[in-house]
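The values are calculated or read from the model by the stated rules, or taken from the named source; none is laboratory data. Since this is a predicted model, take the numbers as computed values, not measurements. A quick note on method: Cβ atoms are made from the backbone with ideal geometry, for glycine too, and the neighbour counts reach across all protein chains shown.
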Amino acid sequence: MNLRTEVRPDDRDIVRDIVESTGYFTAAEADVAVELVDERLTKGLGSGYHFVFLELQGSTAGYACYGPIACTVHSFDLYWIAVRREFQNRGLGKQLVRISEDEICRLGGRRVYAETSGREQYVSTRQFYERCGYNVAAVLTDFYDFHDDKVVYVKVLPQHRL
């Protein structure tokens with residue numbers, strides 16, 4: 001297993017492929033994931049988007065994208081975490097979260113927020129965040145659509161994690 005944090009032009013296709021392989025995201029959502037890669041390629045660290053790619057068996061098995069939340073001091077968003085379908089249920093998502101949290105601590109972060117849908121399809125996603133130590137901070141009713149709530153999770157990171 002290899003980790004990398006540098007973003008390469010071919011990550012546009014890699015990220016789209018990973019996100020689409022999960023079966024959870026729409027084409028429009030995959031476009032947003034690729035836009036974050038584009039922002040990082042164009043603006044570098046100034047984009048505010050940080051990436052961790054996990055490479056396994058000669059391919060990129062998953063990735064996470066996180067960054068500081070504007071106008072906050074120590075809060076970060078975990079924007080994306082996705083593991084290619086054929087690599088799921090091996091603990092790779094949990095590793096990506098842990099590595100992202102370690103990097104967030106290194107950057108001075110103390111709170112990490114993650115959001116997901118409240119639809120039935122996302123029960124396993126919500127359980128995943130809870131297994132990773134995240135707690136529900138808010139539920140915004142009918143946020144994405146009627147009967148599709150936004151569930152916001154938060155995790156307070158220890159100050160001396162590293």
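Couple of notes before you dig in:
- Test: ILE18 is in contact (Cβ under 8 Å) with a residue 12 or more places away in the chain, under 13 Å from ILE81 (Cα atoms) and out of contact with any His (no Cβ under 8 Å at 6 or more places or on another chain): yes
- Odd one out for ARG110 among (1) basic (Lys, Arg); (2) surrounded by fewer than 17 Cβ atoms within 10 Å (Cβ to Cβ); (3) touching a Leu at 6+ places or on another chain (Cβ under 7 Å): (2)
- Residues (at pLDDT below 95 and surrounded by fewer than 11 Cβ atoms within 10 Å (Cβ to Cβ)) located in segment 3-26: GLY23, THR26
- Qualifying residue in segment 7-17 (condition: part of a helix (DSSP H, G or I) and of a type in the set (A, V, I, L, M, F, W, C)): yes
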